[in-house]
Amino acid sequence: MAYTPPPHLSPSSIGTFEQCPLKFKYSKIDMLTDDPTDATLLGNFVHDVLENLYHLDAVDRTKNSAKQIASDLWADGWSDRVTPWVKGDETLRLFRWKSWWCIENLWKIENPQELNPSGLEHELNGDIAGIRIKGFIDRFSSEGFGYVISDYKTGKTPKANWVKDKFFQLLVYSHLLKSTGVGDAEKVELLYLKDGVSFQTEVTKEMLKEVEDKVVSVKERIDLSCENESFQPNKSILCDWCSFRKVCPAWRS
């Protein structure tokens with residue numbers, strides 16, 4: 001009996017399938033939970049702080065406000081979410097410092113008081129070539145004749161020749177902004193907070209067509225894998241950070 005494909009895809013699930021089809025099956029078809037890591041928790045905490053910061057009036061978006069937001073969120077539940085996975089006082093202290101460094105580095109990239117966000121953690125639910133796609137935009141703002149879609153990154157800044165592939169998620173969101181009637185994205189940007197640098201690119205029709213072609217191609221491969229009940233593991237250095245490694249046949253002794 002064939003597997004049932006998930007009812008929708010997201011940019012991250014598309015990336016997961018390309019990284020390792022078996023990991024995609026574990027998470028999106030078998031619905032196994034992926035344990036949080038220090039890195040994912042840090043990223044989620046920083047995103048939460050910045051979302052709250054940009055909900056403030058522009059004049060109030062200061063470093064002191066961000067520090068207070070971080071402190072309040074930590075006391076209101078984030079401490080309980082993090083401490084089961086980040087163990088030890090020193091490790092926990094380092095986690096909080098790394099989080100703050102990322103938050104503080106936002107001011108190296110932009111002046112939060114000069115931005116006027118149109119959407120924060122905005123949910124998108126639409127179709128690309130008839131394929132249901134869901135996702136959340138960290139932030140999009142009005143600029144010129146279109147929107148700028150911004151994505152916060154707390155991980156390692158990629159080398160310049162690897163940046164192009166990192167725009168895929170935001171180009172998917174650009175396609176969905178247009179197809180759902182919100183408007184056209186003029187530009188997308190990646191904000192690497194760990195180092196306080198950003199990468200930007202203008203959105204073109206050719207880019208959106210490439211995104212559409214890739215979504216269709218990956219969906220066809222997912223459907224074929226479901227039909228054949230065959231999701232192959234792909235061993236790589238990324239396996240070191242995969243919580244499914246303990247059940248993966250590629251790593252059984």
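The values are calculated or read from the model by the stated rules, or taken from the named source; none is laboratory data. Keep in mind it's a predicted model, so treat the numbers as computed, not measured. Counting neighbours? That spans all protein chains shown, and the Cβs are built from the backbone with ideal geometry, glycine included. Quick note on the areas: whole protein, heavy atoms, side chains included, nothing else; ligands and nucleic acids left out. Shrake-Rupley method; radii C 1.70, N 1.55, O 1.52, S 1.80 Å.
Taking the residues in the stretch 145-163 that are of a type in the set (S, T, N, Q) and out of contact with any Leu (no Cβ under 7 Å at 6 or more places or on another chain) as candidates, determine which candidate is most open to solvent (accessible area, probe 1.4 Å).
Filtering the stretch 145-163 for residues that are of a type in the set (S, T, N, Q) and out of contact with any Leu (no Cβ under 7 Å at 6 or more places or on another chain), the one most open to solvent (accessible area, probe 1.4 Å) comes out as N161.
Only one of F136, F140 is aromatic (F, W, Y) and in contact with an Asp or Glu (Cβ under 7 Å, 6 or more places away or on another chain). Can you tell me which?
Among F136, F140, only F136 is aromatic (F, W, Y) and in contact with an Asp or Glu (Cβ under 7 Å, 6 or more places away or on another chain).
Take the residues in the stretch 33-62 that are at pLDDT 95 or above and not in a helix (DSSP H, G or I); name whichever of them is most open to solvent (accessible area, probe 1.4 Å).
D57
Tell me yes or no: at least one residue of the stretch 24-32 is open to solvent by 70 Å² or more (accessible area, probe 1.4 Å) and touching a Cys at 6+ places or on another chain (Cβ under 6 Å).
Checking the stretch 24-32: not a single residue is open to solvent by 70 Å² or more (accessible area, probe 1.4 Å) and touching a Cys at 6+ places or on another chain (Cβ under 6 Å).
Check whether at least one residue in the stretch 133-144 is farther than 28 Å from V197 by Cβ and either assigned to a strand (DSSP E or B) or open to solvent by less than 80 Å² (accessible area, probe 1.4 Å) (or both), and report yes or no.
The answer is yes; a qualifying residue exists.
Restricting attention to the stretch 164-191, which residues are within 17 Å of I133 (Cβ to Cβ), out of contact with any helix residue (DSSP H, G or I) (no Cβ under 7 Å at 6 or more places or on another chain) and either open to solvent by 30 Å² or more (accessible area, probe 1.4 Å) or assigned to a loop (DSSP other than H, G, I, E, B) (or both)?
Those that are within 17 Å of I133 (Cβ to Cβ), out of contact with any helix residue (DSSP H, G or I) (no Cβ under 7 Å at 6 or more places or on another chain) and either open to solvent by 30 Å² or more (accessible area, probe 1.4 Å) or assigned to a loop (DSSP other than H, G, I, E, B) (or both): F167, K178, S179, T180, G181, V182.
May I ask you to list the residues in the stretch 205-233 that are of a type outside the set (S, T, Y), more than 17 Å from D165 (Cα to Cα) and crowded, with 16+ Cβ neighbours inside 10 Å?
Those that are of a type outside the set (S, T, Y), more than 17 Å from D165 (Cα to Cα) and crowded, with 16+ Cβ neighbours inside 10 Å: K219, I222, C226, F231, P233.
Residues checked against (1) touching a Cys at 6+ places or on another chain (Cβ under 7 Å); (2) assigned to a helix (DSSP H, G or I); (3) within 26 Å of T157 (Cα to Cα):
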{"site": "K209", "(1), (2), (3)": "no, yes, no"}
{"site": "E212", "(1), (2), (3)": "no, yes, no"}
{"site": "R221", "(1), (2), (3)": "no, yes, no"}
{"site": "F231", "(1), (2), (3)": "no, no, no"}
{"site": "K235", "(1), (2), (3)": "no, no, yes"}
{"site": "C239", "(1), (2), (3)": "no, yes, yes"}
{"site": "K246", "(1), (2), (3)": "no, yes, no"}
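Is it the case that K28 is closer than 30 Å to P6 by Cβ, among the basic types (K, R) and assigned to a helix (DSSP H, G or I)? If you could, list the steps in order and put the result at the bottom.
Numbers: closer than 30 Å to P6 by Cβ: yes; among the basic types (K, R): yes; assigned to a helix (DSSP H, G or I): yes.
Yes.
Across the stretch 99-120, what is the number of residues that are open to solvent by 60 Å² or more (accessible area, probe 1.4 Å), within 20 Å of the chain's Cα centre (by Cα) and in contact (Cβ under 8 Å) with a residue 60 or more places away in the chain?
Adding up the residues that qualify gives 1.
Counting only residues that are crowded, with 17+ Cβ neighbours inside 10 Å and touching a residue at least 40 places away in the same chain (Cβ under 8 Å), how many does the stretch 83-97 have?
2
Take the residues in the stretch 145-162 that are among the aliphatic types (A, V, I, L, M) and at pLDDT 95 or above; name whichever of them is nearest to Y192 (Cα to Cα). Explain how you work it out, then say what you get.
We begin by selecting, within the stretch 145-162, every residue among the aliphatic types (A, V, I, L, M); these are 148-149, 160.
Among the residues that remain, those that are also at pLDDT 95 or above are: 148-149.
On the way: V148: 16, I149: 14 Å.
Within the stretch 145-162, the match that is nearest to Y192 (Cα to Cα) is I149.
Are any of the residues in the stretch 8-22 in a loop (DSSP other than H, G, I, E, B) and either within 15 Å of the chain's Cα centre (by Cα) or surrounded by fewer than 13 Cβ atoms within 10 Å (Cβ to Cβ) (or both)? Lay out the reasoning, then the answer.
Step one: of the stretch 8-22, the residues in a loop (DSSP other than H, G, I, E, B) are 8, 10, 20.
Restricting the remaining residues to those that are either within 15 Å of the chain's Cα centre (by Cα) or surrounded by fewer than 13 Cβ atoms within 10 Å (Cβ to Cβ) (or both) gives 10.
Yes, the conditions are met somewhere in the stretch 8-22.
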